[in-house]
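Colleague: Could you have a look at this structure, given as structure tokens, before my questions?
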Amino acid sequence: MAETFADLPDALVRDLLACASGLAEGVRVSLGNLRDSRASYRQAAAEHQLIKKRADLDVPREPSVCGIDGSYQLHRLTSMDLCAAAAVAVEGTSKEATRYWPEPYHRMWAASLVHNTDTTGALRALMVSMEMDLAAEAPHDLVLLDGAFASLIIYLNQGLATFEEVPQPLATELRRSWVEKGILNRLLALLSSDRVVAVPKFTSRNELVASGKLPSASGVDGRTLATVILEPGEYTVPLPIYQNDEPYHLPRAVCTKDEEATLNRTLRDVQAVYFRPFGWSPALRLEVPGSIANSLTRLSILFEGITRQLFSPAVLEPYPLFLADRMVKSLGAGVAVIEQTVMQHVADAGGYVELTMLCLQNYRTEGGRGGV
């Protein structure tokens, strides 16, 4: 315990610990209120035929599954930025399904750039373009993306809006991804796919209440509410997510008005399904394109794939997403090694050790992943 607080002032630690009991009591009351309301929520759900049983669906063959996640790193050195973006695709476990990618597939880009305030947004856009690239190439029956579909559009918009202002190597790579690989067409294809599903870990959305099928649950998100009311093996009927959202935008320089309208129209077809496979698992919030939401066969394949990739209370997300997440988290460590290699090479080859140490001093590290 002492090591946990080693870097904090004693007075701050005392104040922090003093808050613990009050916070714990607040959480207890909130969870207690949810538990006490479970019966009424279950009744409302039954009246609106909101809850279905997976056992009532046809049992499909075992689907092949892969999970995709991305990450970016920005190490701000004294005289430059050391940047990297990557995405990893990992195949799930399989007993009967075809194995396509026994080894993880990946995309990666790294460079040293001059300082620029817009680099972070462009790196994130490059990261999600890599994720979409892998998703488009995956031959699996089920492709799981870490994060919400809207996050892809938001990150692309933020990066593409300023990509002409960022250092040339990054701008060139982002432009190549958008033009040569046709990222817009791939985005539209993902949003209408019958194989691709977005699995956000956290969201404030609550489609169960927003749909008008359940009473208001102030401060409770949909995944939490679904965890409380669903029994193991149950799922909710698909519910609209983005129909009432303001239109999403992409810069006019890379996306015409008609293309943007098509993008928003396709996004509005995406629906949310909450599924609780086991008693030891919280409900999963699954964003599915209309081609999956409107097909009991595709929903059955989705639930079969998700269930087979959850096999331990120690891993509360589908196994390939868990592995992809663990892998991309290590990007920061990899960039730190590059940082040390660059410093060593410049010092050895140039002979000006003191200047090298001063100019390549790391004073801030930024990073993030694709999933939200």
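The values are calculated or read from the model by the stated rules, or taken from the named source; none is laboratory data. Given the structure is predicted, the values throughout are model-derived calculations rather than measurements. Positions of Cβ are generated from backbone atoms using ideal geometry, with glycine treated the same way; all protein chains shown enter the neighbour counts. Side chains included, ligands, DNA and RNA excluded: accessible areas come from the protein's heavy atoms. Shrake-Rupley method; radii C 1.70, N 1.55, O 1.52, S 1.80 Å.
Colleague: All but one of (1) within 30 Å of Ala55 (Cβ to Cβ); (2) open to solvent by less than 10 Å² (accessible area, probe 1.4 Å); (3) of a type outside the set (S, T, N, Q); (4) at pLDDT 95 or above hold for Leu208; which doesn't?
Modeller: Of everything listed in (1) within 30 Å of Ala55 (Cβ to Cβ); (2) open to solvent by less than 10 Å² (accessible area, probe 1.4 Å); (3) of a type outside the set (S, T, N, Q); (4) at pLDDT 95 or above, Leu208 misses just condition (4).
Colleague: Can I ask one more? Give the residues of the stretch 332-347 that are open to solvent by less than 30 Å² (accessible area, probe 1.4 Å) and under 30 Å from Thr93 (Cα atoms), sorted by residue number.
Modeller: Within the stretch 332-347, Gly332, Val335 meet the criteria.
Colleague: How many of the residues making up the stretch 204-217 are assigned to a loop (DSSP other than H, G, I, E, B) and either of a type in the set (A, V, I, L, M, F, W, C) or closer than 22 Å to Asn294 by Cβ (or both)?
Modeller: Of all residues in the stretch 204-217, those assigned to a loop (DSSP other than H, G, I, E, B) come to 204-206, 211-217.
Adding the requirement that they be either of a type in the set (A, V, I, L, M, F, W, C) or closer than 22 Å to Asn294 by Cβ (or both) leaves 205, 211-214, 217.
The number of residues fulfilling the criteria is 6.
Colleague: Would you point out which residue out of Val342, Val346, Val315 is closer than 24 Å to Glu131 by Cβ and β-branched (Val, Ile, Thr)? If you could, list the steps in order and put the result at the bottom.
Modeller: Details: Val342 fails: closer than 24 Å to Glu131 by Cβ; Val346 fails: closer than 24 Å to Glu131 by Cβ.
Result: Val315 is the single residue among Val342, Val346, Val315 that is closer than 24 Å to Glu131 by Cβ and β-branched (Val, Ile, Thr).
Colleague: Which residue pairs have Cβ atoms under 8 Å apart, sit 6 or more places apart or on different chains, and have a first residue in the stretch 287-315 that is open to solvent by 40 Å² or more (accessible area, probe 1.4 Å) and a second that is of a type in the set (Phe, Trp, Tyr) and outside any helix (DSSP H, G or I)?
Modeller: Listed pairs, sorted by first residue: Pro313/Trp280.
Colleague: Would you mind stating whether Ala324 is among the small types (Gly, Ala, Ser), on the phi < 0 side of the Ramachandran plot and open to solvent by 50 Å² or more (accessible area, probe 1.4 Å)?
Modeller: Values: among the small types (Gly, Ala, Ser): yes; on the phi < 0 side of the Ramachandran plot: yes; open to solvent by 50 Å² or more (accessible area, probe 1.4 Å): no.
Spelling it out, it is not the case that Ala324 is among the small types (Gly, Ala, Ser), on the phi < 0 side of the Ramachandran plot and open to solvent by 50 Å² or more (accessible area, probe 1.4 Å).
Colleague: Test Arg186 against the stated conditions and say whether it is under 30 Å from Ser300 (Cα atoms), touching a residue at least 40 places away in the same chain (Cβ under 8 Å) and open to solvent by 20 Å² or more (accessible area, probe 1.4 Å).
Modeller: Judged against the criteria, Arg186 is a match.
Colleague: Here's another thing I want to ask about it. Go through Val220, Val166 for me and flag whichever is part of a loop (DSSP other than H, G, I, E, B), among the β-branched types (Val, Ile, Thr) and within 30 Å of Val29 (Cβ to Cβ).
Modeller: Working: Val166 fails: within 30 Å of Val29 (Cβ to Cβ).
Being part of a loop (DSSP other than H, G, I, E, B), among the β-branched types (Val, Ile, Thr) and within 30 Å of Val29 (Cβ to Cβ) holds for just one of Val220, Val166, which is Val220.
Colleague: It is to be established whether one or more residues within the stretch 186-203 are outside any loop (DSSP other than H, G, I, E, B), of a type in the set (A, V, I, L, M) and farther than 21 Å from Ala136 by Cβ.
Modeller: Residues of the stretch 186-203 outside any loop (DSSP other than H, G, I, E, B): 186-191, 196-199.
With the extra rule that they be of a type in the set (A, V, I, L, M), the set shrinks to 187-191, 196-199.
Among the residues that remain, those that are also farther than 21 Å from Ala136 by Cβ are: none.
Checked against the condition, which is being outside any loop (DSSP other than H, G, I, E, B), of a type in the set (A, V, I, L, M) and farther than 21 Å from Ala136 by Cβ, the stretch 186-203 yields no hits at all.
Colleague: Turning to a different aspect of this structure: Residue under question is Ser151, and the condition is that it be more than 20 Å from Gly332 (Cα to Cα), assigned to a helix (DSSP H, G or I) and among the polar types (S, T, N, Q); does it hold?
Modeller: yes
Colleague: In the stretch 272-304, how many are in a helix (DSSP H, G or I) and either β-branched (Val, Ile, Thr) or farther than 16 Å from Ser193 by Cα (or both)? Steps first, answer last, please.
Modeller: Just the residues of the stretch 272-304 that are in a helix (DSSP H, G or I), to begin with: 290-293, 296-304.
Checking which are either β-branched (Val, Ile, Thr) or farther than 16 Å from Ser193 by Cα (or both) leaves us with 292, 297, 301, 303-304.
The total comes to 5.
Colleague: If you go through the stretch 211-244 one residue at a time, how many are open to solvent by 20 Å² or more (accessible area, probe 1.4 Å), closer than 22 Å to Arg54 by Cβ and among the charged types (D, E, K, R)?
Modeller: 3
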